[in-house]
Amino acid sequence: MFVIFMESLSKWAIPAIIFIITLYGFLKKVKVYEAFTEGAKEGFYTAVRIIPYLVAMLFAIGIFRASGAMDVLVKALNPVTSLIGMPGEVLPMALMRPLSGGGASGIMNDLFTQYGPDSIIGRMASVMMGSTETTFYVLAVYFGSVAIRKTRHALPAGLVADAVGIITAVFVTNLMFG
């Protein structure tokens with residue numbers, strides 16, 4: 001019964017949100033279409049401004065993976081991850097996720113291909129993907145595009161949130177599927 005409810009809810013959630021936002025704007029006498037197109041135009045200009053930061057970040061990530069540094073780090077941390085119930089195979093995705101969503105997606109796809117999406121490894125990678133953020137990407141690209149140089153507490157807060165997301169993903173996946 002709960003599964004059927006959640007499936008129904010997920011099918012209608014996004015259309016309902018769009019309808020509610022549009023209705024709210026209409027009731028507040030906001031020109032919804034004009035506001036949407038103006039926001040889309042600003043989004044395009046933002047995308048153009050962040051391209052140099054995006055290229056630099058993806059280049060650095062490529063060097064990190066191609067150099068073998070990722071493999072060395074995984075081997076060094078594997079004894080620690082096994083203590084919390086995280087298979088060593090998932091660690092590269094957990095390490096890549098704060099750096100790059102695309103890189104993490106690629107690693108997750110490799111895990112799906114090798115172990116299957118319904119394996120404990122595939123499920124743990126999926127939960128991690130949804131429970132964490134691309135912290136360094138956000139700082140480099142978005143903060144850089146608006147010339148924020150002093151990130152203050154953004155980096156520590158983002159990394160703590162990522163760590164909590166990863167640990168929670170391990171715990172929940174082992175609890176539900178282990």
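The values are calculated or read from the model by the stated rules, or taken from the named source; none is laboratory data. In this text the structure is predicted, and so the values were computed from the model without any measurement. Note that we place each Cβ from the backbone using ideal geometry, even for glycine, and neighbour counts take in every protein chain shown.
Is it true that residue 59 is exposed (fewer than 11 other Cβ atoms within 10 Å of the Cβ), under 22 Å from the mean Cα position of the chain (by Cα) and at pLDDT 85 or above? No: the conditions fail for residue 59. Selection of region 109-128 for residues being within 20 Å of residue 168 (Cβ to Cβ) and either within 17 Å of the chain's Cα centre (by Cα) or of a type in the set (A, V, I, L, M) (or both) yields 111, 120, 121, 122, 123, 124, 125, 126, 127, 128. Being surrounded by 11 or more Cβ atoms within 10 Å (Cβ to Cβ), closer than 19 Å to residue 167 by Cα and over 19 Å from the mean Cα position of the chain (by Cα) is a property that residue 90 lacks. Within region 1-56, restricting attention to residues that are among the hydroxyl-bearing types (Ser, Thr, Tyr) and at pLDDT below 90, the residue that is surrounded by the most Cβ atoms within 10 Å (Cβ to Cβ) is 53. Restricting attention to region 149-167, the residues that are without any contact (Cβ under 8 Å) to a residue 40 or more places away in the chain and surrounded by fewer than 19 Cβ atoms within 10 Å (Cβ to Cβ) total 13. Looking across region 9-42, the residues that are among the small types (Gly, Ala, Ser) and closer than 27 Å to residue 142 by Cβ come down to 13, 25, 35, 39, 40.
Residues checked against (1) among the basic types (Lys, Arg); (2) in a loop (DSSP other than H, G, I, E, B); (3) free of Cβ contacts under 8 Å to residues at least 40 places away in the same chain:
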{"site": "78", "(1), (2), (3)": "no, no, yes"}
{"site": "91", "(1), (2), (3)": "no, no, yes"}
{"site": "94", "(1), (2), (3)": "no, no, no"}
{"site": "99", "(1), (2), (3)": "no, yes, no"}
{"site": "112", "(1), (2), (3)": "no, no, yes"}
{"site": "147", "(1), (2), (3)": "no, yes, yes"}
